[in-house]
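To start, the structure under review is shown below, and the notes come after it.
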Amino acid sequence: MTEGTRATILNVVGARPNFMKIAPLMRAFRKRPEFQPVLVHTGQHYDERMSRLFFEQLSIPRPDVNLEVGSASHAVQTAEIMKRFEPVVEQYRPDVVLVVGDVNSTVACALVAVKLGVKVAHVEAGLRSFDRTMPEEINRLLTDAISDFLFVTEPSGIRNLKHEGIPEEKIFFVGNVMIDTLLANLEQARSSPILETLGLEARAYAALTLHRPGNVDDRDVFLRVFGAVRKIAEALPVVFPVHPRTRKNMVRFGMLKEEGDDELGGVRLVEPLGYLDFLKLMAEARLVLTDSGGIQEETTILKVPCLTLRETTERPVTVEVGCNEVVGTDPARILSAFRRVMDAEAFTCGTPEKWDGHAAERIADVLVSEFALVHRRSG
Ligand code: UD1
């Protein structure tokens, strides 16, 4: 960057959880005269319910570039993103490529940038499940290893990165951009008609999501977890917005027909919801059952009990403040945690440090001062 010019930031999104993270960043960058933000959508998620609806509801600007990679095996998807992203970096010659989260688009674009000598910023750095069978864990480890600016959401992230030998001056504890989006949209979400549409009463249902390959690609694991969910549905209505990966597998396992909403063993199946409807569904639930990472964080701010249907979490602060319990996939354990939540008289939990709606502004501040620093040094 030379004096008088703006820093070009190539911001990358690919899959559903990226959209909530990029929305406040694009807003923060567009407000600062120091930046020229460019938005690149890899097209990893591409359909109306997994992508377009989120751009509309979160007022994310139309992507400047869409790589339209679509779905494929991990190797093919990652390679396609890299092939198509390289000429974009060459065309824009950005000062920094910013990636968020832990999806294939994150690692693919970070790798392209670093090989072209462009600095990489990773938002949501340092999270670790310590389970290398999760594709997201591999994406997190690799992206952090080659990033120049590592923006961290919670104290465990700082510890993990230091332990991996990342120099302290690259690590910035800024809070959680996903929570920026939640707080900015909560009021609007409150007026979503989703409870009426689904015939649900506030605090009288559980919301369920499942999409991790470890849970839904293996028939035995999936049936085991779903068996526990059916038991829960005998006591409390369960509503389950079904991720495309999960629906495909349910069809493959012979549990479902191809199309449409459905009901299975007392569990209400619906299509994936838009951001505002899903936020309302979580906010009014008696409890949430999930294997998602982001939902563990969102329920923490909404003060709704979360049972995480995995053996590990990369977001331990949600457990430490008392909102989240990691219950694994053993039905007996899931059911006893469910009963404990139902029997508890009250539910209180804390709020993680800096999850206050201002993380994106902190990231913009850091980048402004870092670029000024580079400029002073080279000048
Ligand atoms: C990806 C991320 C995961 C994230 C999740 C959120 C990786 C490795 N995984 O997993 O971390 O939590 O997104 O949703 O990047 N599909 C559609 N429509 C779409 C997108 C996908 O039908 O718009 C179908 C695809 O055909 C594919 C399946 O869903 O078979 C899975 O998509 P994919 O991008 O491979 O990974 P996710 O499981 O969604």
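Test each condition in (1) away from the ligand (no atom under 16 Å from the Cβ); (2) modelled with pLDDT under 95 for GLU259 and report the one that comes out false.
Here GLU259 clears every test but (1).
For region 30-42, check the following and say yes or no: at least one residue is at negative phi, part of a loop (DSSP other than H, G, I, E, B) and within 16 Å of the ligand (Cβ to nearest atom).
Yes; the residues of region 30-42 include at least one that is at negative phi, part of a loop (DSSP other than H, G, I, E, B) and within 16 Å of the ligand (Cβ to nearest atom).
Condition check ((1) within 15 Å of the ligand (Cβ to nearest atom); (2) at negative phi; (3) of a type outside the set (A, V, I, L, M, F, W, C); (4) at pLDDT below 95) across all residues:
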| residue | (1), (2), (3), (4) |
| --- | --- |
| SER71 | yes, yes, yes, no |
| VAL76 | yes, yes, no, no |
| ALA79 | yes, yes, no, no |
| MET82 | yes, yes, no, no |
| GLN91 | no, yes, yes, no |
| VAL112 | no, yes, no, no |
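Give me a count of the residues in region 97-110 that are over 18 Å from GLU80 (Cβ atoms) and within 12 Å of the ligand (Cβ to nearest atom).
Selection size over region 97-110: 3.
Mind counting the residues in region 346-368 that are in a helix (DSSP H, G or I) and of a type in the set (Asp, Glu)?
Counting residues in region 346-368 that are in a helix (DSSP H, G or I) and of a type in the set (Asp, Glu) gives 2.
Within region 47-64, does at least one residue satisfy the condition of being in the same structural domain as ALA110 (by TED's automatic domain parsing), among the charged types (D, E, K, R) and away from the ligand (no atom under 16 Å from the Cβ)? I'd like the intermediate steps shown before the answer.
In the first step, residues of region 47-64 are kept if they are in the same structural domain as ALA110 (by TED's automatic domain parsing); the result is 47-64.
So of that shortlist, the ones also among the charged types (D, E, K, R) come out as 47-49, 52, 56, 62, 64.
Subsequent filtering for residues that are away from the ligand (no atom under 16 Å from the Cβ) retains 62, 64.
Within region 47-64, one or more residues are in the same structural domain as ALA110 (by TED's automatic domain parsing), among the charged types (D, E, K, R) and away from the ligand (no atom under 16 Å from the Cβ).
Can you pull out every residue in region 308-345 that is charged (D, E, K, R), over 17 Å from TYR205 (Cα atoms) and not in a loop (DSSP other than H, G, I, E, B)?
GLU320, GLU325, ARG333
Are there any strands (runs of 3 or more DSSP E) wholly within region 239-297 with 2 or more residues that are within 30 Å of GLU345 (Cβ to Cβ), and if so which? First the steps, then the outcome.
Numbers: elements: 262-264, 267-270, 287-290.
Passing ranges, in order: 267-270, 287-290.
Being assigned to a loop (DSSP other than H, G, I, E, B) and either within 18 Å of PRO272 (Cα to Cα) or within 16 Å of the ligand (Cβ to nearest atom) (or both) is the filter here, so list the residues in region 211-236 that pass it.
Matches in region 211-236: HIS211, ARG212, ASP217, ASP218.
Among the numbered criteria (1) of a type in the set (Gly, Ala, Ser); (2) more than 15 Å from the ligand (Cβ to nearest atom); (3) assigned to a helix (DSSP H, G or I), which one does ALA121 miss?
Among (1) of a type in the set (Gly, Ala, Ser); (2) more than 15 Å from the ligand (Cβ to nearest atom); (3) assigned to a helix (DSSP H, G or I), the lone unmet condition for ALA121 is (3).
Looking at region 6-18, which of its residues are buried (at least 24 other Cβ atoms within 10 Å of the Cβ) and near the ligand (Cβ under 10 Å from one of its atoms)?
GLY14, ASN18
The values are calculated or read from the model by the stated rules, or taken from the named source; none is laboratory data. This structure is a prediction, so every number in the text was calculated from the model and none was measured. Here the Cβ is made from the backbone with ideal geometry for all residues, glycine too, and neighbour counts use every protein chain on show.
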